[in-house]
1. Among the residues of segment 138-155, are any aliphatic (A, V, I, L, M) and in contact with a Gly (Cβ under 8 Å, 6 or more places away or on another chain)?
2. Pull up segment 193-210, narrow it to residues that are in contact with a strand residue (DSSP E or B) (Cβ under 7 Å, 6 or more places away or on another chain) and within 17 Å of GLY318 (Cβ to Cβ), then point me to the one that is surrounded by the most Cβ atoms within 10 Å (Cβ to Cβ).
3. So is ARG269 among the basic types (Lys, Arg) and either at pLDDT below 95 or farther than 30 Å from VAL198 by Cβ (or both) or not?
4. For segment 18-30, what are the residues that are open to solvent by 60 Å² or more (accessible area, probe 1.4 Å) and in contact (Cβ under 8 Å) with a residue 60 or more places away in the chain?
5. Is it the case that GLY208 is part of a loop (DSSP other than H, G, I, E, B), within 20 Å of the chain's Cα centre (by Cα) and under 20 Å from ALA137 (Cβ atoms)?
6. From the list GLY33, GLY53, which one is free of Cβ contacts under 8 Å to residues at least 60 places away in the same chain and on the phi > 0 side of the Ramachandran plot?
7. Could you list, in sequence order, the residues of segment 306-321 that are within 21 Å of the chain's Cα centre (by Cα), part of a loop (DSSP other than H, G, I, E, B) and over 18 Å from THR348 (Cα atoms)?
8. Restricting the search to segment 291-303, which residues are over 20 Å from the mean Cα position of the chain (by Cα) and either of a type in the set (A, V, I, L, M) or assigned to a strand (DSSP E or B) (or both)?
Amino acid sequence: MKVLLVGSGGREHALAWKLSQAESLDELHAAPGNPGIAALGRCHPVRADDAEGLLDLAGALEADLVVVGPEAPLVAGVADELRHLGIAVFGPSAAAARIEGSKWFAKDVMAAAGVPTAQTLSVPRAPCVVKADGLAAGKGVFVCHTQAELDAAVVAAAAFGDSLVVEELLEGEEVSVFALCDGARAVALPAVQDFKRVGDGDEGPNTGGMGSYSPVAGLGAPEAQELVELVHQPVLDELAARGMPFVGVLFAGVMLTADGPRVLEFNCRFGDPETQSLLPRLEGDLLELLLAAAHGDLSSAGADVADSAAVTIVIAAGEYPAAGDVGTPIGGIADAEAAGALVFHAGTAVRGGRIVTNGGRILNVTAVGPSVSEARERAYEACDLLSFPGMRFRRDIAAVTHV
């Protein structure tokens, strides 16, 4: 089987790593991919948002399945264009991807489906949460405890577009809950917790994510299934009723409040860096699952999950999220891998035969162990083997858990 993976980040490297283990895989291709993915398959210089280029590439390769990683091409309708040519795609249509592409659309769907979510405020007042309505690469959410923070958030969020959503500030523990979907059915995946703020102690601005871990205390397979039945399935049903069936992975950010779970947001793709902690815990053939979803039949599919734990640490540029780093040589990748860690490339390139920086989030270091604490220890040991000027990472990922 020939698979074309669309995207170039750490999430896509993790997907490539897992897909490469499938017995049915004959060829793995990526567009545009990255140096880490290039070690697993063939990378092609086609951008993830180049629908015409992806169509030509998928046709030339005679791809049996296209897996779209990032949200932007999904919202732009890349999956629709591929399906029009009769190519199987794991990823929702543009209409269904609006569940992430528009916060207002997601609110409307949740209201119709009866899914518990944060209350929308007609008049902004602190404390609250301000969100850009459209895509913002994980950086369009602003938690405001004071009026001054609210004033600044309105200006910052407006930079992503004119439309804003203001919600009540919920208290509790936030978790990421994923389900593979075939348009009608949802198969629950392990819950993951991520860390969005750039600094230790959850200080500083929001980022695309600075680390993650799985399992989450109190959220084993039965609890994840319950959340999927409460949150994902009603949304799947509502989207199908609107003539926009969701095929792909539906990702809910859920706040576990004293009054029960509340959805903070939906995403139309795998999380980043949650995927890097999720996939090492999955047993079995991921390609088989994604293909079944793409063909609209997950009726006999299930996700087997290992008892192990995984922790992922994001290695970022010194000025991230304000700025990235480009062209700086990176040392220690082979040493970290030799120590037993998985090093997923997120923002790297090859210059003069060396791996160099090429973005904001540069590498994701994932380690697996019998417990979160042991996986965490192994991950940080591997992080300390990496080096480039200005390199930064949080030291408190998965520091307080009960798993």
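1. Taking segment 138-155 first, the residues aliphatic (A, V, I, L, M) are 141, 143, 148, 150, 152-155.
This time we only want the ones that are in contact with a Gly (Cβ under 8 Å, 6 or more places away or on another chain), so: none.
No, segment 138-155 contains no residue that is aliphatic (A, V, I, L, M) and in contact with a Gly (Cβ under 8 Å, 6 or more places away or on another chain).
2. Applying the first criterion (in contact with a strand residue (DSSP E or B) (Cβ under 7 Å, 6 or more places away or on another chain)) to segment 193-210 yields 193-198, 203-210.
Now drop any that are not within 17 Å of GLY318 (Cβ to Cβ), which leaves 197-198, 203-205, 207-208, 210.
Values: ARG197: 17, VAL198: 21, GLU203: 9, GLY204: 14, PRO205: 14, THR207: 21, GLY208: 24, MET210: 29.
Ranking the candidates gives MET210 first.
3. The answer is no for ARG269.
4. Hits for segment 18-30 are GLN21, GLU23.
5. Taking the combined requirement at face value, the residue satisfies it.
6. Values: GLY53 fails: on the phi > 0 side of the Ramachandran plot.
None of the other options fit; the residue is GLY33.
7. ALA306, SER308, listed by residue number.
8. If the condition is that a residue be over 20 Å from the mean Cα position of the chain (by Cα) and either of a type in the set (A, V, I, L, M) or assigned to a strand (DSSP E or B) (or both), then ALA292, LEU298, ALA301 are the ones that fit.
The values are calculated or read from the model by the stated rules, or taken from the named source; none is laboratory data. Computed from a prediction, not measured in an experiment: that's the story for all the values here. Note that each Cβ is placed from the backbone with ideal geometry, even for glycine, and that neighbours are counted across all protein chains shown. For the accessible areas, the whole protein counts, side chains as well, though only heavy atoms, and no ligand, DNA or RNA atoms are used. Shrake-Rupley method; radii C 1.70, N 1.55, O 1.52, S 1.80 Å.
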